[in-house]
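Please treat every number below as a calculation from the coordinates, not as lab data. Because the structure is predicted, anything quoted here is derived from the model rather than measured. In this analysis, Cβ positions are derived from the backbone assuming ideal geometry, glycine residues included, and neighbour counts consider all displayed protein chains.
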Amino acid sequence: MNAEQFRRAGYQAIDRICDYHVTLRDRPVLSQVEPGYLRKALPSSAPTEGEDFQLIADDYQKYIIPGLTHWQHPSFFAYFPTSSTFEGILAELYTSSTSNPGFNWSVSPACTELEAVVMDWIAQLLGLDQSFYNISEVGGGVIQPSASESALVATVAARARYIHEHPQVAMENLVLYTTTQTHSLGKKAGLILGLKVRALGVTAQDDFALRGDTLKVALEEDMNAGFHPFILIGTVGTTSSGAVDRLDEIADVAKHYPFLWLHVDAAWAGVAFVCPEYREAYQLPAINSYVDSFCTSFYKWGLIQFDGSCLWVRHRKHLTDALDVTPEFLRTRHGNAGTAIDYRNWQLGLGKRFRSLKFWFVLRARGVKGLQKYISDGIKLNTKFAQSIYESELFSVVTKPSLAMTVFRLAPKSSTQLSTPELNILNRAFYARLAARNDIALTQTDLNGVFCIRMVIGAEQTLESDVDRALALMKSEADGVVNEMRGDWRSQR
Ligand SMILES: *Cc1c(COP(=O)(O)O)cnc(C)c1O
């Protein structure tokens, strides 16, 4: 393809992307294809001769789009919200126009410098303590691909710090703490690094938040048994229910165990700190005064398209001590002098994508106010949805609604005699009906044995009418399943 052909194909691509975005509402939310659909449709080898690009572009429409779930659809309430803003699309286009692995400052100074600047902008936007800013030259922020990699990098740094301070300790006696509600990234970090993982218990009465006392008891138990807990991965906004670990209490306990690294995973909820009114309740003061590392993923609720997870550390030295491998061919004048950040020493891989460009474009185009409005609009819609659940004769909330997430279940007020296992059966059947539809997407979860359904709001196109429609649709499926099950229960009793 030459530049003129690219120009034409590019204009067409932009037109088609615009059409896709304005017709999102009319599409099914979920892909309807069966496993293996694409292998059946595509040839078994790459073409010998190059093909006409128009054919390729048309095949994207024909074969790929039907196999996509439309995460930006106004009726997508599953997992977590993601965005694909036009500003971000343009940034990704420019990024891909100069493929460049930006591992050192000197291989493309703009990549490193823009990342260091936008990470400070975001730190400010969230109200993070200045010790996390890159400009402090002590702490700093780096964009990782995912929250899982952020947690893994934090764990590697914590382990290196612990072993440095306790050289006599055997690796097999190290323990990584999570809670039963921590995302699978905790277990995975343990798996990758060959570490023991202990998941601390939480209760429904505490809204699934880790309490300080639970941590204290575990630390005493493990240390008496000769183990060495060295990191706790706490969560602000758990995946299942949006729970917030009591970081204030945890910090009070951890003060007496200064070798314990605290990493806070706020992948989804952390972005809400752009609205100052949520900072206190979602534990920002404890994050600022105590934790070693903090992560929030702007690719979820922060208007940045996948990927991009922001990780800040209080001491960048702990990252570079653990991850700096500098063979001769990577030595540079600026790196050696320590006058520039070499992000390769802050992450797992060597090269990194130029992700900061989309952060820069989106933050500038929307402004702080634009981002605040986007977040608070989503929370308002959820507050209204949760209110309807509270008032409903059919549904009840399972745990306190969190920001733009409500976890609820079908629990008809007319069937108060149903046991938890019976309600679980009812809710599985209810969820199966919702999951069989292609005009709405929700996610199921389990909270200490209670099967429930998560509703997460945040697609930019979602309006109040979409939430009302979702509720009406849930009611009609709920009526259907209750009638069906009532017959079953009657015949069993
Ligand atoms: C989504 C989510 C994750 C996983 O994020 P990845 O970027 O896919 O690794 C981890 N923790 C929480 C709390 C999440 O919401």
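Segment 272-340 and segment 180-245 have Cα centres spaced 21 Å apart.
Charge dipole of the chain (Cα centre as origin; +1 on each Lys and Arg Cβ, -1 on each Asp and Glu Cβ, all else neutral): 280 debye, rounded to the nearest 20. Near Asn424: Cβ cut-off under 12 Å, other residues only, Lys/Arg at +1 and Asp/Glu at -1. The net charge is 0. Since only Phe298, Thr23, Ala470 are under comparison, the one whose Cα sits farthest along the positive direction of the charge dipole of the chain, derived from C-beta charges on Lys, Arg, Asp and Glu, is Ala470. With a Förster radius of 35 Å applied to the beta-carbon distance between Gln387 and Arg8, the computed FRET efficiency rounds to 0.10. A straight Cα-to-Cα reach below 19 Å connects Lys384 with the aspartates and glutamates Glu277, Glu393, Glu460, Glu464, Asp466, Asp468, residues fewer than 8 places away in its own chain not being considered. Semi-axes of the equivalent ellipsoid of segment 99-353 are 29, 22, 15 Å, computed as sqrt(5λ) over the eigenvalues of the C-alpha gyration tensor in descending order. Computed from point charges on the beta carbon alone (+1 for Lys and Arg, -1 for Asp and Glu), the dipole magnitude for segment 99-353 about its Cα centre is near 600 Debye.
When the charge dipole of the chain is built from unit charges on Cβ atoms (+1 for Lys and Arg, -1 for Asp and Glu) and taken about the Cα centre, the candidate among Pro74, Gly141, Gly234 whose Cα reaches farthest toward its positive end is Pro74.
According to the calculation over all Cα-Cα pairs in the chain, the P(r) per 10 Å bin from zero is 4, 17, 25, 25, 18, 8, 2, 0, 0 %.
Within straight-line reach of Lys40, meaning a Cα separation under 26 Å, sit the following lysines at least 8 residues removed in sequence or on another chain: Lys62. Straight-distance candidates among the lysines for linking to Lys352, with alpha-carbon spacing under 23 Å and chain neighbours fewer than 8 residues away dropped: Lys188, Lys300, Lys317. Count Lys and Arg as plus one, Asp and Glu as minus one, and take only other residues whose Cβ is under 13 Å from that of Leu215; the net charge is then -4. Here's how it looks for Val398: its modeled amide H is under 5 Å from those of Val407, Phe408, Arg409, which are all 5 or more places away or on a different chain.
Taking 0.36 nm per residue of sequence separation and removing the Cα-Cα distance, the Thr445/Phe53 pair yields an extension gain of 136.8 nm.
With neighbours defined as other Cβ atoms within 10 Å of a residue's Cβ, the residues His256, His21 order from fewest to most as His256, His21. Going by Cα centres, segment 136-150 and segment 87-132 are how many Å apart? Between the Cα centres of segment 136-150 and segment 87-132 lies a distance of 11 Å.
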